Structures are given as C-alpha cells and as structure tokens.
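Worksheet: the structure to be examined is printed underneath.
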Amino acid sequence: MSKLVWQPSEERKKNANITKFIGFVNERYGKNLSTYQELHKWSVDYLPEFYGSVWDFIGIKASREYETVVDDINKFPGAKWFIGAKLNFAENLLKYRDDHTALVFRGETQESLRMSYAELYDQVARLAKPLKEMGVKPGDRVVAYMPNLIETIVAMLAATSLGAVWASCGLELGPKAVLDRFGQIEPKVIFVGSGYFYKGKAFDTLPNVTEVVNGLPSVERTILVPYAAKKTDPNPIPNAVYYDDFLSSESGLEIEFEQLPSEHPVEILFSSGTTGKPKCIVHGIAGTLIAHLKTHVLHYDLKRDDTTLFIASPTWMVWNVQASCLGVGSTAVLYEGNPFYPDAGALWKIVQDEKVTFLGCSAAFIDALRNKGIKPKELYDLTSLRGIFQTGSALSDEGFEYVYQAIKDDVYFDSGLGGTDIQCGLAEGNPLQAVYTGQMMGPGLGMKVNVYDDAGKPIVDKRGELVCEKPFPSVPLYFLNDPGGEKLKEAYFSVYPNVWRHGDYAMIHSDTGGMTAFGRSDSVLKPSGVRIGALEIYNVIVKLDEIADSLVVGQNWQGDQRIILFVKLPEGKQLDEQLKEKIKSALRTSASPRHVPAKIIEVPDIPYTLNMKKVESAVGNIVNGRPVMNKDALINPESLKYYEKIAKEELQS
C-alpha cells in the first residue's frame, strides 16, 4: 500500500514555475485552472494551444515564428509541429552571455573546472569557426566518443550551431558497440577522449579510439581531448589534432547560428539493438527543445539560480537532457567517474560543496546507497538540495522512504519514466503534488497517457501496457536507414494502431492518479537505467567456443534490473568458475562493464520460435513472475520448464 511521504508547502507551490504557467494559460485563454490535474487535462484536450503556450512561456528563440503549431492532431505518427519556424538548437541553449556560472566539471580525482556563460559562448564560437572552415554544414554528422567533460558539451553546441546532427557515446563503451552505432551514421568529425578514470584508476583509451576511427572511413577530422592519459600522442589516430590546437585563436567571435526548419534533425540517439544493430533514432530541433525545456521548467521547476547535477554518461540520453539545462540559464555540474569513489559519500560532498539544488539519478544509485546503509543527511550539509529526479527503472516503496529518511525529509522527489525514444517523460513529477511511495505522480503535460490490457482497453489499478494516445512534438522524426518508416511503425505503433506503445508495464492508481512502473515489456535490458540490447551480449558470447548457445534477460531485482545470462554448453563441457570469469571478462572488454551479467546459469536448451528466433520475452516473463502468453509460437515449449525451475530455485537471491 502506497504511503504519503511528502507534501509541498504553500510557499513552494506559489513560487513554482508551473504555477506561473497556469496563470499564463488562464490569462491567455480565459480559463480558471488551479491544479496540476486540471492543467494536464487541458494540455491533452487542447494540444496545439498547450504546446504553443509552452513555446511562448519558455521563450523559444526563432528567427521566423511558426505559422501552425501542428498540422493534423489525428495523424499519429506523422503529425508535423511548429510549421514555418526557423531556429537553431544551440542558440536556444546559449541565450545567456554573462558571468553567471554555466558549467562546473568535477571528476573522481577532485579536479574542478568552471566556465561562465560568457566563456562558454566564446569557446563554442572558437570551435564552431574551424568546424565551419573545414566544411561542416547542416545535416552533417558530428559525434563524440568522450567522457562527461565540458569539452563534450562545447562540441555539441558548436556542431549544432552549424546545423550538424549530434550523437555521442561514453568511453566506457567498447569499440564494437561504438562502431555498431556510429558506423551507421557516417560522421564527418569525431571528438575523442584519451582516457577516463574509474574507481581511481586511469584507463588509456587510445587503442579503442584508434580502432573506432579506423572503422569510420567517413571521418575527415578527429579532435582529441586529453583526459586521464594526458600525454597521449594523437599521431596513431588518422587525421587527429589536439582540441586546443584545433580551436581558433581569435577572441570576440560571434556565432553565426544556422537557422533551420523545426523538423531539421539535431540529435541521433540509439536504441539498444535487441534485434540487430542499434536503431538510429533521429530527433528534430523544435521537438527536442520543447521536450527538454518543458521538463526543466515545468516539471523539474528549474530556475536561473539553480545548480543541477545529473549522473550521466554521453551514452545515455540523460546526458542530452543535462546539457539542455543551459537553456534555463542555470549552472550544470558535470560529474565524470564512479559516484561511489572514493566512498559512498563522494557525490554528496559535491552536492554540499557546489550547493547543488537539483540532483538527477537512477533507482540503482538510490538502492545502492540504501543497501550500503549510508545516510547522507547525517554526513553532509544538504540545505541547498530542493529536488531529486529519479529515472532509469522503477524505484521500490523502500527506495522512496529511504530518500526521505536518509537524504532529506523536505525535498521534491520526481520519479519519472520516459526515454531515448521521446526525450521526455510519459510519467513525470510536478512541484504541486504530494509524493506517495512507489508512485510516479502522473502523466507528463501534453502527454495523453493510458494503460491498456491485452485487448487494448484502458484499465486502472491493474498492470498493463503503457501507451500514449495522442501525438507529441518529440516523436522521433524517423529511424536512419528506414526510408518507408516501417521500422519506426513496427517499434511503436504495430500493437495499437495510431497509439504509441512505449514497451513498459505500468499501472494507474485510481485513488491518487499516480502511476507505478513494472519494467520493460520487451527484451530491452535496462540495468541502472542504461539501455542494453541482448544482441550486444550475444555478439560477444558467440565468439566463445565453450558456449553452444545463450539467452539473456533482465530480472527486476531490488528496485533495479539485473542481467541474467543463460548458456547452453557443448556436450562434455561444464560451467565452472573459470568459464564464468572468461565470459564476464569478454563482455567487460568487448562491450562494457554494464553488459556483465549478475548471474550466469547453465541450461540444457534455449527456447526458439517456429521461425527460429530466440524468445527472450517468454523467459523474461518467467524470471519476473509473469505468465507466458506465447507458448504456441515456440518450436520447443518444453524447454520453458527448466526456466520455471531455475526461477524458483536459483533466482531468488
């Protein structure tokens, strides 16, 4: 049973951005809205009016205003947004050019760097100039294989100021995983890091970087940012130059922001790669800006005097959300490394020292703290902290209670659910409502969210498929290399026509209006909120002669998700500790530490469909205590009995 753990004060509600937005809407349209629920209902009943109001309230900067908010609200997918507008993504994140601190870098080694908005603008201008001179133009792809550094943010802003399309991966990803992503989008320029720190150890990534660049024949220039391994020689890397040497030496440069249509692509994010190479999800300028800034201003309640800290790698879409905080004019603290190094209080010391007001984290981070028995509020001064955003996976009731018992008793806790696909939340918090354990507050503004049963009918107080019934601006423009749009339709619209199926199980609570998430309804793995495709693991396992076949699923576990790898061995082989370590080492090296399974279990058979596809969904249902609905589609349904036995005997600890 959910328990009330927090209610906002009247002062907090009065000063919230969303309260001002309600007043803005009431005045503009002669309404008398007063609660979040009333605002949400209006936002989905009057989508054009809502998103037009968000555009104006936030102050989206455009050289040409839009003529129409949306062309056809009944076209889903395919609705076109902010038709006629011309704007630039980076220009909207660089509205401020004063001495207010824009970015703070904090690394594991206690290294700290600061950059004002004026300095940020200058640095972006000095990077955009040589990029333009080498021929980077609208539509070109610029990518980063980098840590979470200030230079990574600068590179994104410089690229998008020219109308280039941005994509990024963190250095923790192995070369194969990076090439599976970047190899599809044919980048012209790549920014790379020479290394990174993790748990106090410096990792030299020059061999990985060299392999990636050699695998990308489209790259004309590699720009190397020294970090961790600072004495790295860029010579082995084709067409490489140091970042500082590439920057223009001129000062006082003005950025010529390329003015582009609303639906011009701005970012490519990547799916997990469950059924093949990761899908390249292309997002447009206006949709991304509206999604990010609506979230920052109305849901997170960020203001100019806020200081944010998101635990994020450039591999995860939360990194992109983090960067967009610049559009509010607040200060963003970038943390690079393990948030538990040198101890579990490391991040909280930064919150204390930098006076962080808003922290973005995953359920796994909160649960790890809880499991270690850490009580940050007893060890650090967290007076500044006003809000915490949690995403990535569902947080347990105990996790919610821990936030208020161990971190801060008066904090706005925003548990949300969204993702790479939509760049915002289907479920969001807001600073006007109470927090109940295990519940996200409700649907995001402008998102017509529902939960369907197997027959496609809306349900409450029961688990079902999380869906969105009306269009929204941050629907992906398209998948790269999907000219007819069939892959996009298959991914989101194949189950319920004209309705977005998000791929998560959820429940709407009739008493509170809140929502509870129950994990993925497909075979995407999300340990610590990071999307991992089963195929990324299979691609490594298949190279091991000791394994005949394998299957990987995610098990919802202690408020997060853990990876379970089942292996079928050749006759005469056995799964001993030596083989387990070999599997883990191969995954850690060829993919990333996040790909390493929590458990490796031997099975006599792997279930397949009649057309010889592995059935992760059936095993995932068994592992998570859900019924298996598609046994008739299996060529060997008897194999599921092994997994039912394993789930009862080996996966309860």
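Matching residues to (1) crowded, with 21+ Cβ neighbours inside 10 Å; (2) hydrophobic (A, V, I, L, M, F, W, C); (3) farther than 27 Å from residue 190 by Cβ; (4) touching a Pro at 6+ places or on another chain (Cβ under 7 Å):
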residue	(1), (2), (3), (4)
245	no, no, no, no
253	no, yes, no, no
331	yes, no, yes, no
348	yes, yes, yes, yes
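Among the listed residues 532, 537, 547, identify the single one that is buried (at least 16 other Cβ atoms within 10 Å of the Cβ), over 24 Å from the mean Cα position of the chain (by Cα) and either modelled with pLDDT under 90 or assigned by TED's automatic domain parsing to the domain that holds residue 640 (or both). If you could, list the steps in order and put the result at the bottom.
Working: 532 fails: over 24 Å from the mean Cα position of the chain (by Cα); 537 fails: over 24 Å from the mean Cα position of the chain (by Cα).
So the residue among 532, 537, 547 that is buried (at least 16 other Cβ atoms within 10 Å of the Cβ), over 24 Å from the mean Cα position of the chain (by Cα) and either modelled with pLDDT under 90 or assigned by TED's automatic domain parsing to the domain that holds residue 640 (or both) is 547.
May I ask you to list the residues in region 272-304 that are part of a loop (DSSP other than H, G, I, E, B) and touching a Gly at 6+ places or on another chain (Cβ under 7 Å)?
272, 273, 274, 278, 300, 301, 304
For region 550-574, which positions are of a type outside the set (Val, Ile, Thr) and at pLDDT 95 or above?
To start, the set of residues in region 550-574 that are of a type outside the set (Val, Ile, Thr) comprises 550-551, 554-562, 565-566, 568-574.
Scanning region 550-574 gives 565, 566.
Can you say whether residue 483 is in a loop (DSSP other than H, G, I, E, B), in contact (Cβ under 8 Å) with a residue 40 or more places away in the chain and under 30 Å from residue 82 (Cβ atoms), as far as the supplied structure shows?
So residue 483 does not fit the description; no.
Select the strands (runs of 3 or more DSSP E) contained entirely in region 191-263, then report the ones holding at least 2 residues which are aromatic (Phe, Trp, Tyr).
195-198
Just one of 497, 471 is touching a residue at least 24 places away in the same chain (Cβ under 8 Å), in a loop (DSSP other than H, G, I, E, B) and not basic (Lys, Arg); which is it?
Exactly one residue qualifies, and that residue is 471.
I need the full set of residues from region 363-405 which are in a helix (DSSP H, G or I) and of a type in the set (S, T, N, Q), in order please.
Initially, region 363-405 is screened for residues in a helix (DSSP H, G or I), giving 363-372, 376-379, 397-405.
If the condition is that a residue be in a helix (DSSP H, G or I) and of a type in the set (S, T, N, Q), then 371, 405 are the ones that fit.
Consider residue 109 carefully, then state whether it is outside the structural domain of residue 332 (by TED's automatic domain parsing), in a helix (DSSP H, G or I) and touching a Phe, Trp or Tyr at 6+ places or on another chain (Cβ under 7 Å).
Taking the combined requirement at face value, the residue does not satisfy it.
Across region 291-342, what is the number of residues that are over 16 Å from the mean Cα position of the chain (by Cα), among the hydrophobic types (A, V, I, L, M, F, W, C) and more than 17 Å from residue 103 (Cα to Cα)?
The number of residues fulfilling the criteria is 3.
Looking at (1) touching a residue at least 40 places away in the same chain (Cβ under 8 Å); (2) under 20 Å from residue 500 (Cα atoms), find the lone condition where residue 418 falls short.
Going through the list (1) touching a residue at least 40 places away in the same chain (Cβ under 8 Å); (2) under 20 Å from residue 500 (Cα atoms), residue 418 breaks only (1).
Determine, yes or no, whether residue 159 is touching a Phe, Trp or Tyr at 6+ places or on another chain (Cβ under 7 Å) and closer than 25 Å to residue 135 by Cα.
yes
Report the residue count in region 391-401 for those that are closer than 21 Å to residue 431 by Cβ and either β-branched (Val, Ile, Thr) or out of contact with any strand residue (DSSP E or B) (no Cβ under 7 Å at 6 or more places or on another chain) (or both).
Residues in region 391-401 being closer than 21 Å to residue 431 by Cβ and either β-branched (Val, Ile, Thr) or out of contact with any strand residue (DSSP E or B) (no Cβ under 7 Å at 6 or more places or on another chain) (or both): 2 in total.
Within the bounds of region 29-47, is there any residue that is in contact with a Gly (Cβ under 8 Å, 6 or more places away or on another chain) and surrounded by fewer than 17 Cβ atoms within 10 Å (Cβ to Cβ)?
Yes.
May I ask you to verify whether residue 375 is basic (Lys, Arg) and under 18 Å from residue 405 (Cβ atoms)? Can you show your working first?
Details: basic (Lys, Arg): yes; under 18 Å from residue 405 (Cβ atoms): yes.
Spelling it out, residue 375 is indeed basic (Lys, Arg) and under 18 Å from residue 405 (Cβ atoms).
Restricting attention to region 176-201, report how many residues are over 28 Å from residue 482 (Cα atoms) and either in contact with a Phe, Trp or Tyr (Cβ under 8 Å, 6 or more places away or on another chain) or in contact (Cβ under 8 Å) with a residue 40 or more places away in the chain (or both).
Summing the residues that are over 28 Å from residue 482 (Cα atoms) and either in contact with a Phe, Trp or Tyr (Cβ under 8 Å, 6 or more places away or on another chain) or in contact (Cβ under 8 Å) with a residue 40 or more places away in the chain (or both) in region 176-201 gives 9.
Name the one entry in 346, 286 that is within 20 Å of the chain's Cα centre (by Cα) and in the same structural domain as residue 370 (by TED's automatic domain parsing).
The conditions single out 286.
Filter region 370-399 for residues that are modelled with pLDDT under 95 and over 21 Å from the mean Cα position of the chain (by Cα); which is surrounded by the fewest Cβ atoms within 10 Å (Cβ to Cβ)?
373
Any chance you could count how many residues in region 138-150 are in contact (Cβ under 8 Å) with a residue 60 or more places away in the chain, farther than 17 Å from residue 316 by Cα and surrounded by fewer than 22 Cβ atoms within 10 Å (Cβ to Cβ)?
Within region 138-150, residues that are in contact (Cβ under 8 Å) with a residue 60 or more places away in the chain, farther than 17 Å from residue 316 by Cα and surrounded by fewer than 22 Cβ atoms within 10 Å (Cβ to Cβ) number 2.
Take the conditions in contact with a Phe, Trp or Tyr (Cβ under 9 Å, 6 or more places away or on another chain), closer than 27 Å to residue 173 by Cα, modelled with pLDDT of 95 or more and not assigned by TED's automatic domain parsing to the domain that holds residue 174 and apply them to residue 326. Does it pass?
The answer is yes for residue 326.
Report whether or not residue 339 is surrounded by fewer than 20 Cβ atoms within 10 Å (Cβ to Cβ) and either touching a residue at least 60 places away in the same chain (Cβ under 8 Å) or out of contact with any His (no Cβ under 9 Å at 6 or more places or on another chain) (or both).
yes
Which count do you get for residues in region 40-99 that are touching a Phe, Trp or Tyr at 6+ places or on another chain (Cβ under 7 Å) and either without any contact (Cβ under 8 Å) to a residue 12 or more places away in the chain or on the phi > 0 side of the Ramachandran plot (or both)?
2
Quick one: in region 502-529, of everything that is part of a strand (DSSP E or B) and modelled with pLDDT of 95 or more, which residue is nearest to residue 291 (Cα to Cα)? Reasoning before the result, please.
Filtering region 502-529 down to residues part of a strand (DSSP E or B) leaves 502-508, 515-520, 525.
Narrowing further to those that are modelled with pLDDT of 95 or more: 508, 515.
Working: 508: 23, 515: 20 Å.
Among residues in region 502-529 that are part of a strand (DSSP E or B) and modelled with pLDDT of 95 or more, the one nearest to residue 291 (Cα to Cα) is 515.
Quick check on region 62-72. Is at least one of its residues under 30 Å from residue 307 (Cβ atoms) and either more than 27 Å from the chain's Cα centre (by Cα) or not assigned by TED's automatic domain parsing to the domain that holds residue 223 (or both)?
Checked against the condition, which is being under 30 Å from residue 307 (Cβ atoms) and either more than 27 Å from the chain's Cα centre (by Cα) or not assigned by TED's automatic domain parsing to the domain that holds residue 223 (or both), region 62-72 yields at least one hit.
Are any residues in region 162-188 outside any helix (DSSP H, G or I), of a type in the set (D, E, K, R) and farther than 11 Å from residue 145 by Cβ, and if so, which ones? Lay out the reasoning, then the answer.
Let us first name the residues in region 162-188 that are outside any helix (DSSP H, G or I), namely 162-174, 186-188.
In the following step, the residues that additionally are of a type in the set (D, E, K, R) were identified as 172, 186, 188.
Across region 162-188, the qualifying residues are 186, 188.
So is residue 442 surrounded by 21 or more Cβ atoms within 10 Å (Cβ to Cβ), out of contact with any helix residue (DSSP H, G or I) (no Cβ under 6 Å at 6 or more places or on another chain) and not hydrophobic (A, V, I, L, M, F, W, C) or not? Spell out how you get there, then give the answer.
Values: surrounded by 21 or more Cβ atoms within 10 Å (Cβ to Cβ): yes; out of contact with any helix residue (DSSP H, G or I) (no Cβ under 6 Å at 6 or more places or on another chain): yes; not hydrophobic (A, V, I, L, M, F, W, C): yes.
It is true that residue 442 is surrounded by 21 or more Cβ atoms within 10 Å (Cβ to Cβ), out of contact with any helix residue (DSSP H, G or I) (no Cβ under 6 Å at 6 or more places or on another chain) and not hydrophobic (A, V, I, L, M, F, W, C).
Taking the options 367, 353, 421, 410, name whichever one is closer than 30 Å to residue 73 by Cα, among the charged types (D, E, K, R) and either modelled with pLDDT of 95 or more or within 22 Å of the chain's Cα centre (by Cα) (or both).
The match here is 421.
The values are calculated or read from the model by the stated rules, or taken from the named source; none is laboratory data. All values reported here derive from a predicted model rather than from experimental measurement. Using ideal geometry, Cβ is built from the backbone for each residue, glycine included, and neighbour counts are taken over all protein chains shown.
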